Amino acid sequence: MARQNGIIKLKGTIGGITFYKTSDGDLAREKGGVDKSRIANDPAFQRTRENGAEFGAAGKGGKLVRNAIRILLQNAKDKRVVSRLTTDLLKVVKTDTTNDRGLRTIQDGNMSLIKGFEFNTNGKLGATLFAPVVNAFDRATGEATVNIVAFAPTVRIAAPAGTTHFKVVTGAAELDFAEEISTFESDETEVLPYDSANTAAIELTATITADSTLPVIQVLGIEFYQEVNGAMYPLKNGAYNALSVVKVDAV
């Protein structure tokens, strides 16, 4: 892999060299590799096919999670969230002790491995909110709750420079990885002032299907705002908003 440094950036393949653009810049590499049909049929590539199938399962699972929580994720994500989530879900797939290699799934793996996953590494919840949080999920009622005792925002929240206000958000997603469908509900506080006065106690509830038999994840986040002439604007387009998986309830 080589980096393109010229004024004119190329795209496509010329003379066996493929030129392409990534988040890391304009790159080039020599075209090559094993023929696709051989990988699909040659017994020597059985392990490769198995690895590819499980990577595909992790990728589809990651897409399902991202689509489920999109209403919150669109305000708190980094450029590598897709690849990072796929990597962590592949670890979940590999913990499946029920199915054969190549057929292992997320739902039969240890989904608790994604607890604590940060959707925005530029604003991690674990390095942003320091108030005591109690979150719970009641499968019988489908209620995912968040309770935070009264706290002084400037003491308990490490906000980026320029913050004048914030709000706390939460959501619960019911995930059917086999059918690739989901159910999601969310709740949030009002936009609150970022100052030294104690907030009221925060109680949030997101309710999904009662008695669900599917895996459920609960996310918690903080969004930052700057007030200008009485209007609230997402601070730096949400670059430092936090969103994290705080609970995983698998069946």
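The values are calculated or read from the model by the stated rules, or taken from the named source; none is laboratory data. Predicted model, so just to flag it, every value in this text is computed and none were measured. Here the Cβ is made from the backbone with ideal geometry for all residues, glycine too, and neighbour counts use every protein chain on show. Surface accessibility is based on the protein's heavy atoms, side chains included, excluding ligands, DNA and RNA. Shrake-Rupley method; radii C 1.70, N 1.55, O 1.52, S 1.80 Å.
Quick notes on this structure:
- Near E185, the amide H atoms lying under 5 Å from its own belong to A172; only residues 5 or more places off or on other chains count, and H is placed 1.01 Å from N.
- Extending 7 Å from the Cα toward the beta-carbon at both T97 and E50 defines two label points whose distance is 1.8 nm.
- Projecting the Cα atoms of T170, G126, T22 onto the charge dipole of the chain (Cβ charges, centred on the Cα centre) puts T22 farthest toward the positive pole.
- When the Gaussian network model of the chain links Cα atoms closer than 10 Å, the mean-square fluctuations of T145, T22, T205 top out at T22.
- Taking Cα centre as origin and charging only the Cβ of basic (Lys, Arg, +1) and acidic (Asp, Glu, -1) residues, the dipole magnitude of the chain rounds to 1460 debye.
- Solvent-accessible area per residue, Å², over the chain with all protein chains present [probe radius 1.4 Å]: 54
- Added length on full extension, which subtracts the Cα-Cα distance from 0.36 nm per residue, R70 to L113: 13.4 nm
- Options L235, L214, Y194, ranked by Cα towards positive dipole end of segment 191-251, top entry (Cβ charges): L235
- Against the chain, whose longest principal axis is taken from its Cα atoms, helix 81-93 shows a tilt of about 80°.
- With every protein chain in place, the chain: carbon and sulfur % of accessible area (1.4 Å): 50
- Our estimate of slack between R80 and V228, defined as 0.36 nm per intervening residue step minus the Cα-Cα distance, is 50.2 nm.
- Ranked by solvent-accessible area (1.4 Å probe, protein heavy atoms only, all chains present), the residues I71, I222 order from largest to smallest as I71, I222.
- Global geometry of the chain, whether rounded, prolate or oblate, following the gyration tensor of its Cα atoms and the 1.5 cut on a/c: oblate
- In terms of distances greater than 29 angstrom between alpha carbons, the cross-link table entries K91/K247; K21/K167; K167/K247; K63/K247; K21/K63; K60/K124 yield K21/K167.
- Choice from R47, R139, R70 with maximal GNM fluctuation in the chain (Cα, 10 Å cutoff): R47
- Around the amide H of M232, modelled in the peptide plane, lies no amide H under 5 Å away from a residue 5 or more places distant or on another chain.
- Angle in degrees between helix 46-68 and the longest Cα principal axis of the chain, rounded to the nearest 10: 30
- Sequence-distant residues sharing a close amide H with T141 (under 5 Å, placed H): D211
- Spin-label model distance (nm) - V155 vs E188, 7 Å beyond Cα toward Cβ: 2.7
- Max mean-square fluctuation residue, GNM over the chain, Cα-Cα springs under 10 Å, options N237, N110, N75: N237
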